[in-house]
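The values are calculated or read from the model by the stated rules, or taken from the named source; none is laboratory data. Here the structure is a predicted model, which is why all the values come from computation and not from measurement. For neighbour counting, all protein chains shown are included, and Cβ atoms are generated from backbone atoms with ideal geometry for every residue, glycine included. Heads up: the accessible areas ignore ligands, DNA and RNA and are worked out on the full protein's heavy atoms, side chains in. Shrake-Rupley method; radii C 1.70, N 1.55, O 1.52, S 1.80 Å.
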Amino acid sequence: KTDYSHLTDNDYVNCIKDCNYSIKTLIEKVHFNNNKPENMNIYISSIKGNYIMVYKDNAWQIQNKKEQINDLYDYNEVILENWYDEYKEKHPDIIQSFQRYLKNRDDNSVINEVKHEILKMLYNNRRMVQE
């Protein structure tokens, strides 16, 4: 189970300020944080393959890369949207960034670019997880 409890309001605000890349930034803060090694539970071992490594049921398992990246994106989007809905009055400076993100996410090319960046991040940070 991935733990989000360590994230602060400032972490979420910084994610939202990344606009189009807010979901990627959230994933990075959660899954590649040296202070939360238990969250280092997903990585890509080979950029050319169709598979991703996911720690599930106390073992590393091979999963479909495309499906997992889509699920990872969708899940973290819900986390970020829920946080935003709860805290936007407390942080009015992020409203414009979040609205811009919502507008841009309807463009499939933007979402595909972000998912490609997530894929690269999962590959480039694989050594953090493997160690």
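Scan region 105-121 and report the pairs whose first residue is at pLDDT 90 or above and open to solvent by 80 Å² or more (accessible area, probe 1.4 Å) and whose second residue is hydrophobic (A, V, I, L, M, F, W, C) and not in a helix (DSSP H, G or I), with Cβ atoms within less than 6 Å and a gap of 6+ or a chain change.
Matching pairs, first to second residue: none at all.
Conditions (1) touching a Phe, Trp or Tyr at 6+ places or on another chain (Cβ under 9 Å); (2) assigned to a helix (DSSP H, G or I); (3) free of Cβ contacts under 8 Å to residues at least 40 places away in the same chain; (4) more than 24 Å from residue 130 (Cβ to Cβ), marked per residue:
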| site | (1), (2), (3), (4) |
| --- | --- |
| 15 | yes, yes, no, yes |
| 27 | yes, yes, no, no |
| 35 | no, no, yes, no |
| 54 | yes, no, yes, no |
| 84 | yes, yes, no, yes |
| 89 | no, no, yes, yes |
| 99 | no, yes, yes, yes |
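Can you pull out the residues in region 39-65 that are open to solvent by 50 Å² or more (accessible area, probe 1.4 Å) and in contact with a strand residue (DSSP E or B) (Cβ under 9 Å, 6 or more places away or on another chain)?
Result: 45, 50, 51, 55, 56, 60, 61, 62, 64.
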